[in-house]
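Take a look at the structure below.
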Amino acid sequence: MGIIEDREKRTRWFLSDRFGMFIHWGLYAIPARGEWIRSFEKISKEDYMEYFHEFNPVNFDPKAWARAARNAGMKYAVMTAKHHDGFCLFDSALTDFKSTNTKFRRDFIREYLEAFRSEGIKAGLYYSIIDWNHDDYPAFGDRFHPMRDNESYKGRQHNFNNYLDYMHGQVRELCTNYGKIDIIWFDFSYDDMKCERWRATELTNMVRSLQPDIIIDNRLEGAGDGYGSIISSSPELYSGDFASPEQIIPPEGVTDSAGNPVPWEACVTLNNSWGYNSSDKTYKSPKLIIRKLVECVSKNGNMLLNVGPNAKGEIPEESLAILSQIGRWMKLNGESIYGCCKAEFPKPEWGYYTQKGKLLYAHVFDGNIGPLPLIGLKGKIKNVRLLSDGSEIKLIDSWNTKIYDSESFINFGSEGSLTYPLPDEIDTVVQLELL
Ligand code: GLC
């Protein structure tokens, strides 16, 4: 089979599950200014080690994280096994810079995987191909390395192949020692640090031979600023299984050069930070997240929504509160998300459609004045139900719709031609069974 056919087969569950949890966690939770702190503040290796010696997340409880994800309606998760700072949250034999050497002494990744799997959530790993801790990773003159401007690093000898052996070795450990891994989320390529610079063919072949069903993102070749060859008609072997737009929903979804849909997943923060940031209170409302999840699905995409646990190992209260409100809506309306995709009808003025076979879901965001038009659906509807309680909604034929009798209309409430508030002001989902 070809690369595109394999990709379609592998991503079937992923494109049905639609909604996942991203977890960014590491030593950077202590300074609490985001996961890029070592680079942004040009912190030396020695100074950063203080956080390593201190790290002791006494309230780490991955089962609680997994419950929060499940209750929010999330079906899969991706957690940082190593971020750009190089700290490993798993028991790698290839480094001492790992969680089992902290005061806490535990393999966070093993416990995360077990906890999420036992809640029925598919579990994946984020792995940074960039590494600011490894001595064989380019430092001086690199675009991002914390020591990029430090003259004492100028001319320092390093052997990039040693780093690649290390990086490949760790990916091998993750794909060998932890059972079935559902997703590996490599992050990220930049400048000439992409594709075969990572020995990407070799890496991809190794991952696929150890984990035949695994889904790989597109960042051995791309990043948030470019998708790589996954959107071409002849993708590279290492082009990955899905595109990963970051902090944006692609205006038209993602398609390849021939117009065929390409699997994609928007990764999104709950505030404006991935790693724990104690002063970032810019949380998005549950309403916004729900509506944006609907938008993703209406464009054939997924949403991977991030949480950044703190130095004690807790998901911030604000995040938990948002997740639980998302969960309330998902319990009533999840059918209009899971297994759904872009509808065969154009986007309506009042919201979005999602579709699953003969079931068309009208996501009504805007309140209406009188009857709500369902453009282009006249004669195509078998019945109409409010998804949250299964109650009947009648197609309206009244004095003020008569003039538009080539369209169908619905309304909420008993008097069809008058205005009623929407039953759910976040997103009222109406299920239209098509003939
Ligand atoms: C990035 C950042 C990062 C974050 C990620 C999530 O490119 O480097 O810190 O982990 O995207 O998508």
Open item on the list: Among the residues that make up region 238-247, is at least one of them within 16 Å of the ligand (Cβ to nearest atom), out of contact with any strand residue (DSSP E or B) (no Cβ under 6 Å at 6 or more places or on another chain) and open to solvent by 10 Å² or more (accessible area, probe 1.4 Å)?
Closed with: yes
Open item on the list: Could you tell me how many of the residues in region 389-435 are open to solvent by less than 100 Å² (accessible area, probe 1.4 Å), of a type outside the set (D, E, K, R) and assigned to a loop (DSSP other than H, G, I, E, B)?
Closed with: 19
TODO: Tell me which residues, restricted to region 108-142, are of a type outside the set (A, V, I, L, M, F, W, C) and not in a loop (DSSP other than H, G, I, E, B).
DONE: R110, E111, Y112, E114, R117, S118, K122, G124, Y126, Y127, S128
- [ ] Report yes if F52 is within 22 Å of Y137 (Cβ to Cβ), open to solvent by less than 10 Å² (accessible area, probe 1.4 Å), more than 16 Å from the ligand (Cβ to nearest atom) and not polar (S, T, N, Q), otherwise no.
- [x] no
Open item on the list: Is it the case, given these coordinates, that T100 is polar (S, T, N, Q), farther than 30 Å from G334 by Cα and either touching a residue at least 24 places away in the same chain (Cβ under 8 Å) or assigned to a loop (DSSP other than H, G, I, E, B) (or both)?
Closed with: no
Open item on the list: When you scan region 349-357, do you find a residue that is without any contact (Cβ under 8 Å) to a residue 12 or more places away in the chain, within 16 Å of L377 (Cα to Cα), in contact with a Leu (Cβ under 9 Å, 6 or more places away or on another chain) and outside the structural domain of E50 (by TED's automatic domain parsing), even just one?
Closed with: yes
Task: Selection from region 1-46 of residues that are surrounded by fewer than 22 Cβ atoms within 10 Å (Cβ to Cβ), closer than 26 Å to P316 by Cα and of a type in the set (D, E, K, R) - done: D17, R33, E41
Task: Scan of region 71-91 for residues that are within 12 Å of the ligand (Cβ to nearest atom) and in contact with a Lys or Arg (Cβ under 7 Å, 6 or more places away or on another chain), ordered by number - done: D85
- [ ] Test each condition in (1) more than 30 Å from E314 (Cβ to Cβ); (2) within 14 Å of the ligand (Cβ to nearest atom); (3) open to solvent by 70 Å² or more (accessible area, probe 1.4 Å) for S234 and report the one that comes out false.
- [x] (2)
Task: Flag for K63 being touching an Asp or Glu at 6+ places or on another chain (Cβ under 9 Å), away from the ligand (no atom under 16 Å from the Cβ), in a loop (DSSP other than H, G, I, E, B) and not aromatic (F, W, Y) - done: no
Open item on the list: Just the residues that are within 15 Å of the ligand (Cβ to nearest atom) and either among the acidic types (D, E) or under 22 Å from N162 (Cβ atoms) (or both), please, taken from region 199-218.
Closed with: D217
- [ ] Might you let me know whether region 357-376 holds any residue that is at pLDDT 95 or above, of a type in the set (V, I, T) and under 26 Å from S16 (Cβ atoms)?
- [x] yes
TODO: Among the candidates K378, K287, single out the residue that is under 30 Å from T401 (Cβ atoms), open to solvent by 30 Å² or more (accessible area, probe 1.4 Å) and outside the structural domain of F242 (by TED's automatic domain parsing).
DONE: K378
Open item on the list: Between M147, M49, which is under 22 Å from K312 (Cα atoms), over 24 Å from the mean Cα position of the chain (by Cα) and not polar (S, T, N, Q)?
Closed with: M49
Open item on the list: Can you tell me how many residues within region 233-287 are farther than 23 Å from C340 by Cβ, touching a Leu at 6+ places or on another chain (Cβ under 8 Å) and part of a strand (DSSP E or B)?
Closed with: 0
Open item on the list: Quick check on K82: is it within 18 Å of the chain's Cα centre (by Cα) and surrounded by 21 or more Cβ atoms within 10 Å (Cβ to Cβ)?
Closed with: yes
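The values are calculated or read from the model by the stated rules, or taken from the named source; none is laboratory data. Note that this is a predicted model, so its numbers are computed, not measured. FYI the Cβ positions are ideal-geometry reconstructions off the backbone, even for glycines, and counts take in every protein chain you see. Just the protein is used for accessible areas: all its heavy atoms, side chains included, with ligands, DNA and RNA removed. Shrake-Rupley method; radii C 1.70, N 1.55, O 1.52, S 1.80 Å.
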